[in-house]
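The values are calculated or read from the model by the stated rules, or taken from the named source; none is laboratory data. Keep in mind the model is a prediction, meaning the values are calculated, not measured. With ligands, DNA and RNA removed, areas are computed over all heavy atoms of the protein, side chains included. Shrake-Rupley method; radii C 1.70, N 1.55, O 1.52, S 1.80 Å.
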Amino acid sequence: MLFLFQDPLGDDHGLGYLYPQAALYREAGEGFADLLALAGEARDGKLVLRVRLARYPNPLGGPLGFSLATVVLHLDTAFGGEEELLPGLRTPKGEGWEVAYLLTGFGAEERTPGGEKRAVPARKAGEWVEVETPLSPGPYGYYGAVGLFDPFAPWYLRPVSPQGGPWTLMAPPGSPPAVDLLAQDPKAQAEAYQSGVLRPMRKGGFPLRRESLVAFALGFLSLGLAFLLRR
């Protein structure tokens, strides 16, 4: 295992979101859009992403064993990148994403900021759902969001509105169409909803910033010059 990021149980209501009123959601109960963990493994030199949800009801018969949730994973793999994650949700400055993976009960999809998309392998493995990526493992940043599955929406996420409805989440204007965000604790998630900025999860907690690398390089150069001057 390369990393394991855990998310609190029972925080799948955004900032007081109300779920759609259709009978489908009332009968499904709680927890089907509650993200518990994101993990990464290296297999045959490639990165495999593993997602754990609290529950997997499957009233629509999704082949992966669930059908009401959509998981969106954005990866920060290089400097710069696209800073809009979802409507109403952004990355911190300079920590944009280069590739995203959408996971539903009907399959997985890789997307780029330019709009390109292609199917990628996915499977259910016990209480986890796995997505095979073509990426080599690396020191990436990970953004995670879970919403309600909508096959016709751009990110397969049901929209929000102040009034809500049978198939619409009730939430304040401008809220992201996600009921749970990958965050270390409820406070961090609340801050992301309030500010509209979601911080990435990174192994070890150290951000990969251009400024950090420049500072390291300058420090190394200073040590080298000091050594030469002493000689």
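At a glance:
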{"read-out": "Crossing angle, helix 186-195 versus the chain [Cα axis fit, 0-90 degrees, rounded to tens]", "value": "90"}
{"read-out": "Exceeding the 21 Å Cα-Cα cut-off - candidates K93/K203; K117/K203; K46/K93", "value": "K117/K203; K46/K93"}
{"read-out": "Accessible area, probe 1.4 Å, largest first, for residues M1, M201", "value": "M1, M201"}
{"read-out": "Tail weight of P(r) past 22 Å, computed on alpha-carbon pairs of segment 1-124, percent", "value": "43"}
{"read-out": "Heavy-atom accessible area ranking, 1.4 Å probe, most first, across R123, R52, R118", "value": "R118, R123, R52"}
{"read-out": "Heavy atoms of T77: accessible area, 1.4 Å probe, square angstrom to 10", "value": "50"}
{"read-out": "Pairwise Cα inverse-distance average, inverted: Kirkwood Rh of the chain (Å)", "value": "18.5"}
{"read-out": "The chain: most fluctuating residue of D150, D76, D180 per GNM, C-alpha cutoff 10 Å", "value": "D150"}
{"read-out": "log₁₀ of I(q)/I(0) at q = 0.29 Å⁻¹ - segment 1-70, Debye sum with one point per alpha carbon", "value": "-1.28"}
{"read-out": "Between 0 and 90°, nearest 10: helix 210-230 axis offset from the chain longest Cα axis", "value": "10"}
